Structures are given as structure tokens and as C-alpha cells.
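Asks: Take a look at the following structure, please.
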Amino acid sequence: MRNMIIEDFFINTAAGDIYVKKWTPERLIDETPIVLLHDSLGCVALWKDFPEMLSRHLSRVVIAYDRFGFGQSSKQEKIPDKCFILEEATLYFPMLCEALKLDKFILFGHSVGGAIAITIAAHVENCLAVITEASQAFVENLTVKGIKKAKIFFEKSEQLKKLEKWHGEKADWVLHAWTDVWLSPEFSNWSLAPYIHKVTCPVLALHGDNDEYGSLAFPKFISQKTSGESKMIILNTCGHIPHKEKTQQVLTHTKELLGRIIP
């Protein structure tokens, strides 16, 4: 097995510290990195071994970071407002790009990370491709039902301790940043619709047929509403975490997309 250089570090910004981890394979097929965007309860550590597998499989640099309030990045005092997806895409992600001198990149987003990825791609010209998995595109009844169920589950002290393993003292904030925002009346009309048509780079929308947080309407919306090449792939007997449940399929489909569009 070829060597892999793994680095982790903090980026100091005016808004706080961003924790970053980077995987660099011994042999690079291309200089353009893949940036991973985590889900609502996620962080760099929760990707586990997927980033390294992705880096090896694609022979590309993979970068993951903790959004503010998550994992090892600086904590947030206030619960995010209804514009948090747009804010991450247009305010905080550019800080990462500036610090790492990313003049072009590929985005891979899980769940709300996929929605953030689409939003980033709609506002920049240097995103070469987007891969979403289990991404939301708007708020639907299945999403609300799933989050209400999860809220009850994680409010039990023993379950909250599991979040503390990944987020430390920020665990309670992480839970409420997800449930309070997504279940609020102010967020019920959120949608990618206002800007998804601005996405011109190739998009691959991966979605499990048993996703408890979103129906197949989400990947259909994403694949039909972008303005560039797009493809929807439904993964059979798969829930909300395709990169964990169907790892090899996710790697294969991602490699196929990038091999076709990026020589």
C-alpha cells in the first residue's frame, strides 16, 4: 500500500479557529483537492476512514474541516439562524479557501453538507464538480419527522454523551443547532431553489432508497435544477450515510464522474 501523508492543523480567522485535516496520497493524478462538508451532527473525526479511502481511490488530496461550533473548531454562542447554509457557503468557506490557497476544488457534501456544497457552487466559478450524498434540497415532511424522532433520541443523557465524544462541551449546541433550526417555522420554507440554477459544474446526487431524513424528491430536484451536467444515482437498501453503508459504490461513482470530466 502506498504511503499517505496525513496532516491536521488549525486555521486562525477573525471568526475563530477552523480545524482542518488533509490527506495527500503518494501519487497524485491531479492537483485539484476534494473538500468534504460534514452533516448536521458531523465533524472531521466522524468521517472516520472514508477520507483516506477516497484519497487513495482517486489519487487526489482530500481536505475535511469542522464548521464553527463542531468538532475541534471554535465554539459558537448563538444557535444558527435560517440563513446558516448561505452564510457557511459565502462567508466561512471562503475563509478556508483563502487560508489554504484553493484556487479550484471539488466538493463532496453529506446531508446538509451537500446543500452547502450546492450553495457554494452556485456562488463561485472555481468549483469543478459537486458530489452530494443524502443531501436535502428543501424541507419536507419526512425530514421533519426524522429530526423530531432524532431530537427525542439524543435528548437522553446517555445518547448526548455519544455526541460529546466528537464535539466535547459543544455537543448540546450541535444538537440544538440542528433540531431547533430545522424544526422552526422560519426555516420551513428553506429551499435550494433560489440559486441552484446558477450551478454550472457537473453534479452527482447520491441518495439511499431508505433514507430516513429525505425522499427521492431531493436528488431528483438537485439533478434536474442545476444548469450543467447532472446525474442522480439511487443506492438500494441504503439509509442516510451512503459513504458508510455503501462505501465501495460511493467511491466507484465518484471516480467515474471525476474521471469523465477532469482528464
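Asks: Among all the lysines, which ones have a C-alpha under 16 Å from Lys165's C-alpha, if same-chain residues fewer than 8 places away are not counted?
Replies: Cα-Cα hits under 16 Å: Lys48, Lys75, Lys156.
Asks: For the pair Thr252 and Asp8, how long in nm is the line joining their label points, each one 7 Å along Cα→Cβ?
Replies: Here the modelled spin labels are 3.2 nm apart.
Asks: Using θ = phi - 60° and the Karplus form 6.51 cos²θ - 1.76 cosθ + 1.60, what ³J(HN,Hα) does each residue of segment 68-76 get, whole Hz, x for Gly and Pro?
Replies: Karplus values, whole Hz, x for Gly and Pro: 3, x, 10, x, 9, 6, 4, 6, 10.
Asks: With each run of n ≥ 4 DSSP H residues scored as -39500 (n - 2.57), what mean residue ellipticity at 222 nm is computed for the chain after dividing by its residue count and rounding to the nearest 500 deg cm²/dmol? Walk me through the numbers on the way to the answer.
Replies: Working: 10 runs with 98 residues, N = 263.
Helix contribution divided over all residues of the chain: -11000 deg cm²/dmol.
Asks: If you put +1 on each Lys and Arg Cβ and -1 on each Asp and Glu Cβ, how big is the dipole of segment 156-199 around its Cα centre, in Debye rounded to 20?
Replies: Values: 6 positive and 6 negative charges, 43 e Å.
About 200 debye.
Asks: Could I ask something else about it? Using the Cβ atoms and a cut-off under 12 Å, what net charge is assigned to the surroundings of Thr254, where Lys and Arg are +1 and Asp and Glu are -1?
Replies: On the way: positive: Arg60, Lys231, Lys246, Lys255, Arg260; negative: Glu133, Glu256.
For residues surrounding Thr254, the net value is +3.
Asks: Could you sort out which of Lys22/Lys170; Lys151/Lys255; Lys104/Lys220 sit more than 30 Å apart by Cα distance in this structure? Mind dumping the intermediate values first?
Replies: Values: Lys22/Lys170 23 Å; Lys151/Lys255 35 Å; Lys104/Lys220 27 Å.
Result: Lys151/Lys255 exceed 30 Å.
Asks: When the chain is fully extended, how far beyond the present Cα-Cα distance does Lys231 get from Glu87, taking 0.36 nm per residue of separation? Before the final figure, lay out the partial values.
Replies: On the way: separation 144, 0.36 × 144 = 51.84 nm, distance 2.67 nm.
Extra length available between Lys231 and Glu87 comes to 49.2 nm.
Asks: Separate question: Can you tell me, using C-alpha contacts under 8 Å and at least 6 residues apart, the relative contact order of the chain as a whole percent? Walk me through the numbers before you get to the answer.
Replies: Numbers: 522 pairs, mean separation 46.4, N = 263.
It comes to 18 percent, rounded to a whole number.
Asks: Right, here's the next one. Rounded to the nearest angstrom and ordered from largest down, what semi-axes does the equivalent ellipsoid of segment 129-204 get from its C-alpha gyration tensor (root of 5λ)?
Replies: Details: eigenvalues 160, 52, 23 Å².
Semi-axes from the Cα gyration tensor: 28, 16, 11 Å.
Asks: With the Cα gyration tensor of segment 14-68 in hand, convert its eigenvalues to equivalent ellipsoid semi-axes via √(5λ) and list them largest first in whole Å.
Replies: Semi-axis lengths for segment 14-68 are 22, 13, 8 Å.
Asks: I would also like to ask the following. In a Gaussian network model over the chain where Cα atoms closer than 10 Å are linked, find which of Ala117, Ala134, Ala99 has the largest mean-square fluctuation.
Replies: Most flexible of the set in this elastic network: Ala99.
Asks: I need the phi-derived Karplus couplings for segment 84-98: 6.51 cos²θ - 1.76 cosθ + 1.60, θ = phi - 60°, integer Hz, Gly and Pro marked x.
Replies: With coefficients 6.51, -1.76 and 1.60, one gets 5, 5, 5, 5, 4, 5, 9, 10, 7, 4, x, 4, 5, 4, 5 Hz.
Asks: Considering only DSSP beta bridges where both residues belong to the chain, give the percentage that are antiparallel (nearest 5). If you can, show how the numbers build up before the last one.
Replies: Values: 15 of 38 bridges.
Antiparallel: roughly 40 percent of the beta bridges in the chain.
Asks: Report, by chain and number, residues whose modeled amide H sits under 5 Å from the one on Leu37, excluding near sequence neighbours (fewer than 5 apart, same chain).
Replies: Excluding prolines and chain starts, which carry no amide H, the hits are Phe108, Gly109, His110.
Asks: So, counting K/R as plus one and D/E as minus one, what does the shell of residues with Cβ under 13 Å around Arg67 add up to?
Replies: On the way: positive: Lys75, Lys170; negative: Asp17, Asp39, Asp66, Glu87, Glu88.
Here the count lands on -3.
Asks: What are the extents of the Cα atoms of segment 128-263 along their three principal axes, listed from largest to smallest and rounded to whole Å?
Replies: Taking the Cα atoms of segment 128-263, the three principal extents are 49, 33, 27 Å.
Asks: Taking every pair of alpha-carbon atoms in segment 1-125, give the share separated by more than 25 Å as a whole percent.
Replies: Numbers: 1430 of 7750 pairs.
In whole percent, the long-distance tail amounts to 18.
Asks: So, one more: Can you list residues from other chains, or at least 5 along the same chain, whose modelled amide H is less than 5 Å from the amide H of Thr13?
Replies: So Thr13 has HN proximity to Ile18.
Asks: Which whole number of Å³ per residue matches the convex hull of the alpha-carbon atoms in segment 222-263? Working shown, then result.
Replies: Numbers: hull volume 3.3 nm³, N = 42.
Expressed per residue, the convex hull around the Cα atoms of segment 222-263 is 78 Å³.
Asks: Take the alpha-carbon positions of segment 98-163, form their convex hull, and give its projected area averaged over all directions (one quarter of the hull surface) in nm².
Replies: Numbers: hull surface 24.9 nm².
Mean projected area of the Cα convex hull: 6.2 nm².
Asks: Here's something else I'd like to know. Non-local amide H neighbours of Gly208 (under 5 Å, H modeled in plane, Pro and chain starts lacking H): which ones?
Replies: Long-range HN contacts for Gly208: Ala134, Leu235.
Asks: Below 10 angstrom from the Cβ of Val112, what's the summed charge of the other residues (Lys, Arg +1; Asp, Glu -1)? Display every interim value, and only then the final one.
Replies: Numbers: positive: Arg67; negative: Asp39, Glu88.
Once positives and negatives cancel, what remains is -1.
Just so you know, all these numbers are worked out from the coordinates, no wet-lab data involved. In this text the structure is predicted, and so the values were computed from the model without any measurement. Neighbour counts are summed over all protein chains in view; Cβ atoms, including those assigned to glycine, are modelled from backbone coordinates with ideal geometry.
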